[in-house]
Amino acid sequence: MKTCLSRGLAFLAILVLALIPAAAQPPEAADGIQRIEVRAQSIEAFEPGEAGRIRFGALVFRGGLVLESPYRGFGGFSGLHVDADGEHFVAVSDRTRWLRGRIVTRNGVPTAVADAEMAPVLGPDGQSLKSRGWYDTEALAEYDGRLYVGIERVNRIVRFDYQRDGLRGHGHSMPVPGAMKTLPYNQSIECLAAVPKDLTNKDGPPAGTLISVSERGLDANGNLLGFLIGPADGAFTLKRTDDFDISDCAIAPNGQLLVLERRFSWTRGVAMRIRSVPLSTVRPGALVDGTELIFADMGYQIDNMEGLSVHRAVDGTLVLTLISDDNFSPLQRTLLLQFTLAGE
């Protein structure tokens, strides 16, 4: 078994390579939905060797899985949406493929992924987005039966009628702010969330507004550029601290914008963080900040955490589900982690 140090060093090397802009991908022919096998190994403790510890910052570890599949296209997951039932989910990989399945739980703890299917993400012509050169699909949001996919490098958002068409839906490009088109080539759209219709706190952008924050597109003061698209339009900034970049975001039913962040450096290694930003503060021209809910480095069961979804469980607790992007590397892992918010 690898030590945390050796596993961490291997991960650092692969992550550096993954952050280097890739060459153009070859065209991919659109094919049908494929049922795949997903194997799951349980993560018993978020902090190895401390099985009795479940509280980490403001979050309580619910359980986790290491996911593997013999299917060649499995991996690279960068966006995640878990349905309100807490069971069915859809994810998008950065190589323009959907993953759809069902999280199996026992006493609230995830134990397996069932009914898994993968399919190419299709463009308006029915061909894969990858064949158009739109291959770095990094962010995913849901609103009113539609899915919205953020595409890095080309700085686009594509809308799908998922409720009607499922994984066979054709995506249609949406208008985006001009400033979004000037974001850094490999550090642009990573966070995408849609303001839901019903929130505990109704202050903030109106329902249906898309909120996007760039991975590392910065303003003159070094803060992260964010955008409101739809019913509310405009730009805002998110305070950048401690060298963290954005990897995803989600809006919780309690009126908070939860921001998943990742940090990498040769001296401090890799870490993840989640901040909670009051949605009521997100408005055009605002500089927003949030409270840290959790911090974890390579001493914990993390990898390149890139997908975040939030739902309210039957008992009323808020459940956060995270998924990692393994960069299609044998040295990294696809992790599915679940936490609850303490006090909810």
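The values are calculated or read from the model by the stated rules, or taken from the named source; none is laboratory data. Everything numeric here is computed off the predicted structure, so don't read it as measured data. Heads up, the Cβs are rebuilt from the backbone with ideal geometry, glycines too, and the neighbour counts pull from every protein chain shown.
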(Q) Regarding the range 52-60, can at least one residue be identified that is assigned to a loop (DSSP other than H, G, I, E, B), under 30 Å from GLN187 (Cα atoms), touching a Phe, Trp or Tyr at 6+ places or on another chain (Cβ under 8 Å) and at pLDDT 95 or above? (A) yes
Of the listed residues (LEU308, LEU287, LEU318), the one being crowded, with 21+ Cβ neighbours inside 10 Å and either at pLDDT 95 or above or at negative phi (or both) is LEU308
*Can ALA179 be described as of a type in the set (Gly, Ala, Ser) and assigned to a strand (DSSP E or B)?*
no
Would you confirm whether or not the range 202-222 contains a residue that is touching a Leu at 6+ places or on another chain (Cβ under 7 Å), of a type in the set (S, T, N, Q) and closer than 19 Å to LEU260 by Cβ? yes
TODO: Kindly establish whether ASP94 is exposed (fewer than 15 other Cβ atoms within 10 Å of the Cβ) and charged (D, E, K, R).
DONE: no
Note: among ASP315, ASP303, just one is in a loop (DSSP other than H, G, I, E, B), of a type in the set (Asp, Glu) and in contact (Cβ under 8 Å) with a residue 24 or more places away in the chain, namely ASP303
Those residues of the range 212-269 which are touching a residue at least 60 places away in the same chain (Cβ under 8 Å), closer than 18 Å to TYR185 by Cα and not in a strand (DSSP E or B) amount to ASN223
- Query: Is at least one residue of the range 287-295 part of a loop (DSSP other than H, G, I, E, B) and polar (S, T, N, Q)?
  - Reply: no
ASP297 meets each of (1) touching a strand residue (DSSP E or B) at 6+ places or on another chain (Cβ under 7 Å); (2) crowded, with 18+ Cβ neighbours inside 10 Å with one exception, condition (2)
